[in-house]
Amino acid sequence: MKSATEKPFFVIADAGPDSHLSNETVIEKGVIPVIAARENSVGNILKTGKGNHFRAQYVPRIYHKLLGKLYNIRTTVERKNSNDVVVYNRSKTPTRGSEWAKIYVSISNIAALLTALTAFKVGRHDLIRAPGAFRRLNI
């Protein structure tokens, strides 16, 4: 499954996928990995002001000072993912393989779009980003 849009410039992730193999795989795809390193990681490790760790050899030097700000973008993604777990009861995330990841993200995006469409159709534009609001909706 190929994207019809442009490829991402960065991959931002917590320490879950931290490994040399993960970082190298991202680089092979032509993307810069902003993957947090575990606190007990050894080697050339960069530490941000907030205490996050990154493997310096995989991030171009020009971005070293921006790592903290780039990593903060991850909270936006985490908020969306929390809807998947809490609202859509999708806590069993398939985390192995890029095809499963694409399928999971696609299903999550479809659910978010259906939530927005439902809010629009019932005239409640304030609920477009509130999937839990439709649990007990009587139409």
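No value in this document is a laboratory result; all are computed from the given coordinates. Note that the coordinates shown come from a computational prediction; the quantities given were computed from them, not determined experimentally. Heads up, the Cβs are rebuilt from the backbone with ideal geometry, glycines too, and the neighbour counts pull from every protein chain shown.
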For region 12-19, Karplus-derived ³J(HN,Hα) couplings (6.51, -1.76, 1.60; θ = phi - 60°; whole Hz; x for glycine and proline) come out as 10, 8, 6, 6, x, x, 5, 6
The set of residues whose placed amide H lies less than 5 Å from the amide H of A15, leaving out same-chain residues fewer than 5 positions away, is A36
Gyration tensor on Cα atoms of region 34-84, a ≥ b ≥ c root eigenvalues, a/c under 1.5 rounded, else prolate if a/b beats b/c, else oblate, says prolate
The exposure ranking of L70, L117, fewest beta-carbon neighbours within 10 Å first, is L117, L70
Mean Cβ-within-10 Å packing, highest first, puts peptides 17-28, 120-131 in the order 17-28, 120-131
On the formula 1/(1 + (r/R0)^6), with r taken between the Cβ atoms of A15 and T76 and R0 of 22 Å, the FRET efficiency rounded to 0.05 is 0.75
Answer in debye to the nearest 20: the dipole magnitude of region 10-72 about its Cα centre, from +1 Lys/Arg and -1 Asp/Glu charges placed on Cβ, is 300
Residue by residue through region 36-51, the couplings from Karplus 6.51 cos²θ - 1.76 cosθ + 1.60 with θ = phi - 60°, in Hz, x for Gly and Pro, are 4, 8, 5, 4, 8, 5, 10, x, 7, 10, 8, 10, 7, x, 8, x
Going residue by residue through region 52-59, the Karplus relation 6.51 cos²θ - 1.76 cosθ + 1.60 with θ = phi - 60° gives ³J(HN,Hα) values, rounded to whole Hz and with x marking Gly or Pro, of 7, 10, 9, 7, 4, 5, 9, 10
